[in-house]
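Chemist: My questions all concern the structure below.
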Amino acid sequence: MNQADGSNRRLFWRRVLWGLVWPRRFERIQPTISGVVLIGLSLGIGTAAYNSASNILFIALALLLACLILSGVLAWLNLRKVEWKLEVEPPLQAGQEAGLSLLLRNGKKFLPTYALWFEFAAGPFERREPSRPESTITAKGIDVWAALSKVKSEEQRGTVHLRTRLDPGGEARLDWMFTPPRRGLLKVELRGVGSLFPFGFLRKQAGTDIFRVIPVWPAPVEYRRLAGGSPRRPEGDHRLARVGNEGEMIALRHYEVGDSHRLVHWKASARKRRLLIRQFSSQNSDACSIWMRTDAAVWTRPEQFELMVSLVATISQDLFRAGRLHSTAIDSGARVAAKRLADLESFLDRLAQVRTAPAPTAPYAPPAYPTRTRLNVMTFEPEGTRGVAAIVNGIKTAAT
Amino acid sequence: MESRPQRLNLDELHQLRWLLGGLLMLLSVATVFYLDIGSELMASVVLLGILVALVAPALPARVPIWAHRLAFPAIVAFFAVDIRITGQLLPAIVRLDLLLLLYRGVCYRARRDDLQIVVLGLFLIVVAGVLTVSLLFAAQILVFTGCALSLLMLVTIAESNEGGQAPKLAVKGVVPPWASHVDWRKLFHRLWDISDWRLLASAAGLFVGVVVVSGLLFMAIPRFQLENSLFLERFITKRAMTGFNDSIKFGDITEITQDDSIAFDVDLSDPAQAPALPYWRMIVLDEYKNGGFKLSAALRSELGRERTTANILGIGPGAGRTPATWTFYLESGVSRYLPILGNFWALRFREAQNVRYSPDMAIVALRDEPAAMTAYRVEGMASDGIEIRDRAFAVRWRKRGLVGPPLQIGFDLSEGDKAAIARIDAAVGPPTSKGPQEFADRVMTYLRRTHPYSLSPQIPEGPGDPLVRWMASGEPGHCELFAGAFVLMARSAGIPAHVVTGFKGGTWNAYSGNYTIRNSDAHAWAEIWDGARETWLREDPLAVAAASDLSQQKGDAAIAGLMDRSWSARLNSLRVFWYRRIVNFDQQSQADTFKAVKEATGNSGKWLRTAVSEAAHRAKVWFKGPWNGPRIARVFLACAGALGALWLIATGRLRLSPVAVGRRTDPVRREAGRWLKRIDAPDGLVAELQRLRYGPVPTWPRPSDVFRRARRAASSSRRRRRASSRNTS
């Protein structure tokens, strides 16, 4: 038992010593010019000390080495108990400046934190299986440098410095502004935290694993409304219930899929043994339903497809603001009501990731609409080689 | 209202950086003054320039641009000319360093320039330390390290405040914003205001940690014995500041005695061997010519050829017979001849030295005067030094008249002078069969009777040798005249004799336990040859009988008479500690230190085990003792008390930690509570005090500010009360 204890203790101390020497994962320490000078000075003084056997030089050498040790200790203390949290406020839209915030907190009791910088990166995020690691030396058939260069060119990087000290128990907020270049899933991450503190001998950088994947909505695009393009009022006394209606109740109607449950008139429904909902005077009847199709056969030019997606996003937001957006659908997917902001945002999130789909083997079935409703359905077609037009009931209502 | 802690703004950071850089430069330039390389004037000019620029940081903007352009070429040209003229590399490099520091001191600095001044300053301090081995080096390097680290930290923080960009260097001729309105007093007030005692204590603790770690590293760095040492001393030439050369004119030794600075210190491993009146021999001067004594060429040849060695073997009694080890720390500028008491068994240096020595004459001479403190250890040395065995001279004395070098009998004087000496000898009387010591006693008595002692002797004018004229007169004289006269009289009587110069006596440092010998202890005496014993006998014409008895004393009685407990002894003990533990620290010392640490650790473990076992035994004996009522009651109460305390701690009613966790024990909350009870303050201040008393810590305003305002409010309300009571009365 004693032998095992002894060997365990030796193993423990060996691990501790190795941990002090071997750099930790994601950590990097590089000497700066001052650090190189200090190391050179130490080597020079050490050589002179051994050459001359002068204890004065040994003292100077010991002091220099002690300063290096102190630098490491202070650098470690500086980063200790510093917490950070990455916050990104959606929505992000392509081509529009967005910001992310880093909330910092110094958990130490009486030591402040100085001179930190934070490295951010924002780049496209692609979900795929993790590939095996490649090396530029042994890579076969893969142009690794080209891949790295491509990633670098698509990525935005920035560094934000903590300009003031972070007091013990104090908090700070750092903002980094960036502009997503295009729609899609964007990965924003805090790549690393660095510091030259305390003496600027060593550049200490610690990597972090903090990131957020955020959808970037399509960029807004300018379009023109065309005369005669206003949506037709649907026939019948169909009214569309929307949440947050105003005005007096003017009628009751049967429940249709997508109607809000808050509008259900329970007494009347119990009497009639059928769900009935309340209709108000201010309900809009010029509603429109957007149906976007992504046939690759139709959208042969990628830039035209992107323009179409941007137009869909812009029009859907305009219609929603005007209270006229009824529902949305993409290809043969289910129609989704757009009653609340969350519905619109969800649609825009889907638009952020939509891609051209291969042409269907059978013609598309339009999304199912309530049988008693004939909505204005807006679709989109290429116009020329560069433009996109929005069509409602066969009439061009808007175009880029 | 939550007040944010104060911080220095960017301008104040730059001002502080300027201040620290200037202090660094001043500190390092000051070392040149005790390097003794003849650059004191230049150092003064540089100091003045740096000081002026430091105090008025707007002035460097007035340096014309052409001066900046010409600065480096001029400095390089100066260096080249300096080397050409003086031929000494190290002093030229030091002067180059001074010029570079001056230039940096009168220019606005970027980060790399701050680094330059750190490196340049460190060079000066280290060179001064290596050359002088002075204790002051320790203080200087520590202060320098603290200032340099603070400067570099400030530079890092300032850069961070500027968003990671290096501060833009001011355009030449333009005053940067931080330098245009510097108020140093205001800056110090600001520093005082924002200083936090905890941060300062942490900084001080860290600095102490650096010193301790550097001390441990110093002891732990492995030492190897390499040849080719003392490289820096080759690049600088220093003359001995004292007159201990191999020829003296009368008055040289007396001049040395005017200087009270320390010549050397001596450690003795066995204080029981410490003599009361040691005579530290340095040089034997056997040839008298042209009114002065010198080391003759023949005797010089006895020193043998120069060797490079770290160990010299002598003919002394041997380490076994006199186990004491004497360690000498000879200051620079004393002499290249090493002071020792007499014959020795072995003399060792820390590293190999170029020496010439004569074990018979007990003379050891280095090749050059050492530019720094020189340490050496002597073993097997007789502590009284009354007799010096000289086997070589004994052989020549036995073969005298046949062949061989001069026998230290003759002197190069005129017949008239020789006759005058003979007349004086006649007054003393010739040597008898009792031996040369008896003759020497008569000569010394005669000299003391006829000549009083004086440090300012008057040698009568006239023809002939000056020493002979003095001997024939009744004028007072100093030790050289007495010794010289003794030698001439002994030689005239046919007894070989020579003059010895060195030091006599010294003091015993009560704090560090070592001899301290000053230049004022310089002395000259004589030695005469005792053919029967084949030894040189020490004869000091100025030593009275009591002093002769004193010279026989050893040990505690001897030390008691020499004890020095003055302030200078206290300061000198620091220097001796420096020499012992730092400068003289070598491989052996390292091994001894590790051994001592190991022994101390082992001993402390043994002591602890012994203490524990003894305590256990006592407890056992106590338990076995007779149990009576009072004993049972005591045990019961003790157990109850212990259990009660444990219960209180376990239930949290009693906290052991001195750091307050709860609200009641927090010192800030306690003080806030006291102020709330005492003062009648404005609502804002009361609210802040209440926040400190009851609020959560993150919402606290700065306690020191609040308490300061509370104190002011208390004193103003006291004044109001006094004023109102005076009005009513």
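Chemist: Yes or no: residue B:653 surrounded by 10 or more Cβ atoms within 10 Å (Cβ to Cβ) and either out of contact with any Pro (no Cβ under 6 Å at 6 or more places or on another chain) or part of a loop (DSSP other than H, G, I, E, B) (or both)? Don't jump to the end; show me each part of the working.
Modeler: On the way: surrounded by 10 or more Cβ atoms within 10 Å (Cβ to Cβ): no; either out of contact with any Pro (no Cβ under 6 Å at 6 or more places or on another chain) or part of a loop (DSSP other than H, G, I, E, B) (or both): yes.
Answer is no for this residue.
Chemist: Show me the helices (runs of 4 or more DSSP H) found entirely inside the stretch B:534-583 where at least 2 residues are charged (D, E, K, R), out of contact with any Gly (no Cβ under 9 Å at 6 or more places or on another chain) and modelled with pLDDT of 80 or more.
Modeler: Values: elements: B:545-552, B:556-562, B:567-577.
Fully inside the stretch B:534-583 and qualifying: B:567-577.
Chemist: Looking at this structure, is residue A:46 out of contact with any Cys (no Cβ under 8 Å at 6 or more places or on another chain), within 13 Å of chain B (Cβ to nearest Cβ) and of a type outside the set (A, V, I, L, M, F, W, C)?
Modeler: Working: out of contact with any Cys (no Cβ under 8 Å at 6 or more places or on another chain): yes; within 13 Å of chain B (Cβ to nearest Cβ): yes; of a type outside the set (A, V, I, L, M, F, W, C): yes.
Answer is yes for this residue.
Chemist: Now for a separate question. Given the conditions (1) free of Cβ contacts under 8 Å to residues at least 40 places away in the same chain; (2) closer than 30 Å to residue B:177 by Cα; (3) exposed (fewer than 14 other Cβ atoms within 10 Å of the Cβ); (4) aliphatic (A, V, I, L, M), and given that residue B:100 satisfies all but one, which numbered condition is not satisfied?
Modeler: With respect to (1) free of Cβ contacts under 8 Å to residues at least 40 places away in the same chain; (2) closer than 30 Å to residue B:177 by Cα; (3) exposed (fewer than 14 other Cβ atoms within 10 Å of the Cβ); (4) aliphatic (A, V, I, L, M), residue B:100 is out only on (3).
Chemist: Take the stretch B:134-154 and flag every residue that is among the hydrophobic types (A, V, I, L, M, F, W, C) and outside any helix (DSSP H, G or I). Steps first, please.
Modeler: To start, the set of residues in the stretch B:134-154 that are among the hydrophobic types (A, V, I, L, M, F, W, C) comprises B:135-139, B:141-144, B:147-149, B:151-154.
Within the stretch B:134-154, just B:135 meets the criteria.
Chemist: Any residue in the stretch B:126-133 that is touching a residue at least 60 places away in the same chain (Cβ under 8 Å), within 14 Å of chain A (Cβ to nearest Cβ) and outside any helix (DSSP H, G or I)?
Modeler: There is at least one residue in the stretch B:126-133 that is touching a residue at least 60 places away in the same chain (Cβ under 8 Å), within 14 Å of chain A (Cβ to nearest Cβ) and outside any helix (DSSP H, G or I).
Chemist: Can you tell me which residue among A:38, A:70, A:77 is in a helix (DSSP H, G or I), more than 7 Å from chain B (Cβ to nearest Cβ), out of contact with any Phe, Trp or Tyr (no Cβ under 6 Å at 6 or more places or on another chain) and farther than 15 Å from residue B:222 by Cα?
Modeler: Numbers: A:38 fails: out of contact with any Phe, Trp or Tyr (no Cβ under 6 Å at 6 or more places or on another chain); A:70 fails: more than 7 Å from chain B (Cβ to nearest Cβ).
The conditions single out A:77.
Chemist: Within the stretch A:148-189, work out how many residues are among the charged types (D, E, K, R) and in contact with a Phe, Trp or Tyr (Cβ under 8 Å, 6 or more places away or on another chain).
Modeler: Taking the stretch A:148-189 first, the residues among the charged types (D, E, K, R) are A:150, A:152, A:154-155, A:157, A:163, A:165, A:167, A:171, A:173, A:175, A:182-183, A:187, A:189.
This time we only want the ones that are in contact with a Phe, Trp or Tyr (Cβ under 8 Å, 6 or more places away or on another chain), so: A:157, A:165, A:183, A:187, A:189.
The number of residues fulfilling the criteria is 5.
Chemist: Hey, does the stretch A:80-90 have a residue that's out of contact with any helix residue (DSSP H, G or I) (no Cβ under 6 Å at 6 or more places or on another chain) and modelled with pLDDT under 85? Spell out how you get there, then give the answer.
Modeler: Within the stretch A:80-90, the first condition is being out of contact with any helix residue (DSSP H, G or I) (no Cβ under 6 Å at 6 or more places or on another chain), and the residues that meet it are A:80-90.
Remaining after also requiring modelled with pLDDT under 85: A:89-90.
Within the stretch A:80-90 (the criterion being out of contact with any helix residue (DSSP H, G or I) (no Cβ under 6 Å at 6 or more places or on another chain) and modelled with pLDDT under 85), the answer is yes, since at least one residue qualifies.
Here is a yes/no grid of residues against (1) free of Cβ contacts under 8 Å to residues at least 12 places away in the same chain; (2) exposed (fewer than 13 other Cβ atoms within 10 Å of the Cβ); (3) outside any loop (DSSP other than H, G, I, E, B):
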| position | (1), (2), (3) |
| --- | --- |
| B:409 | no, no, no |
| B:425 | no, no, yes |
| B:444 | no, no, yes |
| B:449 | yes, yes, yes |
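Chemist: Which condition breaks for residue B:356 when tested against (1) surrounded by fewer than 23 Cβ atoms within 10 Å (Cβ to Cβ); (2) of a type in the set (D, E, K, R); (3) closer than 27 Å to residue B:554 by Cα; (4) out of contact with any helix residue (DSSP H, G or I) (no Cβ under 8 Å at 6 or more places or on another chain)?
Modeler: (3)
Chemist: Spot the failing condition for residue A:342; the list is (1) within 25 Å of residue A:186 (Cβ to Cβ); (2) surrounded by 15 or more Cβ atoms within 10 Å (Cβ to Cβ); (3) at pLDDT 85 or above, and only one is missed.
Modeler: (2)
Chemist: Based on what the data block shows, is residue B:145 within 27 Å of residue A:159 (Cβ to Cβ) and within 14 Å of chain A (Cβ to nearest Cβ)? Break it down into steps so the answer makes sense when it comes.
Modeler: Details: within 27 Å of residue A:159 (Cβ to Cβ): no; within 14 Å of chain A (Cβ to nearest Cβ): yes.
Taking the combined requirement at face value, the residue does not satisfy it.
Chemist: Any residue at all in the stretch B:6-18 that is touching a helix residue (DSSP H, G or I) at 6+ places or on another chain (Cβ under 9 Å) and at positive phi?
Modeler: Narrowing the stretch B:6-18 to residues touching a helix residue (DSSP H, G or I) at 6+ places or on another chain (Cβ under 9 Å): B:6-18.
If we keep only those that are at positive phi as well, we get none.
No, there is no match, as no residue in the stretch B:6-18 is touching a helix residue (DSSP H, G or I) at 6+ places or on another chain (Cβ under 9 Å) and at positive phi.
Chemist: All but one of (1) under 26 Å from residue B:209 (Cα atoms); (2) out of contact with any Gly (no Cβ under 9 Å at 6 or more places or on another chain); (3) more than 11 Å from chain B (Cβ to nearest Cβ) hold for residue A:90; state the number of the condition that does not hold.
Modeler: (1)
Chemist: List the helices (runs of 4 or more DSSP H) that sit entirely inside the stretch B:18-113 and contain at least 2 residues that are closer than 21 Å to residue B:145 by Cα. So that I can check it myself, show each step before the final result.
Modeler: Details: elements: B:40-55, B:65-86, B:89-105.
Those helices (runs of 4 or more DSSP H) span B:40-55, B:89-105.
Chemist: Another question, if that's okay. Could you go through the stretch A:206-217 and let me know if any residue there is part of a strand (DSSP E or B), in contact (Cβ under 8 Å) with a residue 12 or more places away in the chain, in contact with a strand residue (DSSP E or B) (Cβ under 9 Å, 6 or more places away or on another chain) and under 30 Å from residue B:145 (Cα atoms).
Modeler: Within the stretch A:206-217, the first condition is being part of a strand (DSSP E or B), and the residues that meet it are A:206-217.
Filter again for in contact (Cβ under 8 Å) with a residue 12 or more places away in the chain, leaving A:206-217.
Adding the requirement that they be in contact with a strand residue (DSSP E or B) (Cβ under 9 Å, 6 or more places away or on another chain) leaves A:206-217.
From the residues that got through so far, the ones that are under 30 Å from residue B:145 (Cα atoms) too are A:206.
Yes: one or more hits.
Chemist: Can you name the number of the only condition in (1) closer than 22 Å to residue B:246 by Cβ; (2) free of Cβ contacts under 8 Å to residues at least 24 places away in the same chain that residue B:366 fails?
Modeler: (2)
Chemist: Return the residues of the stretch B:550-596 that are surrounded by 13 or more Cβ atoms within 10 Å (Cβ to Cβ), of a type in the set (Phe, Trp, Tyr) and out of contact with any strand residue (DSSP E or B) (no Cβ under 8 Å at 6 or more places or on another chain); say none if nothing qualifies.
Modeler: Scanning the stretch B:550-596 gives B:577, B:578, B:585.
Chemist: Among B:160, B:202, B:180, which is the only one that is farther than 26 Å from residue A:70 by Cβ and of a type in the set (Ser, Thr, Tyr)? Even if it seems obvious, please write down each step before you answer.
Modeler: Working: B:160 fails: farther than 26 Å from residue A:70 by Cβ; B:202 fails: farther than 26 Å from residue A:70 by Cβ.
Just one listed residue meets the conditions, B:180.
Chemist: Report yes if residue B:80 is free of Cβ contacts under 8 Å to residues at least 60 places away in the same chain, surrounded by 20 or more Cβ atoms within 10 Å (Cβ to Cβ) and out of contact with any Asp or Glu (no Cβ under 8 Å at 6 or more places or on another chain), otherwise no. If you could, list the steps in order and put the result at the bottom.
Modeler: Details: free of Cβ contacts under 8 Å to residues at least 60 places away in the same chain: yes; surrounded by 20 or more Cβ atoms within 10 Å (Cβ to Cβ): no; out of contact with any Asp or Glu (no Cβ under 8 Å at 6 or more places or on another chain): yes.
So residue B:80 does not fit the description; no.
The values are calculated or read from the model by the stated rules, or taken from the named source; none is laboratory data. Because the structure is predicted, anything quoted here is derived from the model rather than measured. Every residue, glycine as well, gets a Cβ built from its backbone with ideal geometry; the counts of neighbours run over all protein chains shown.
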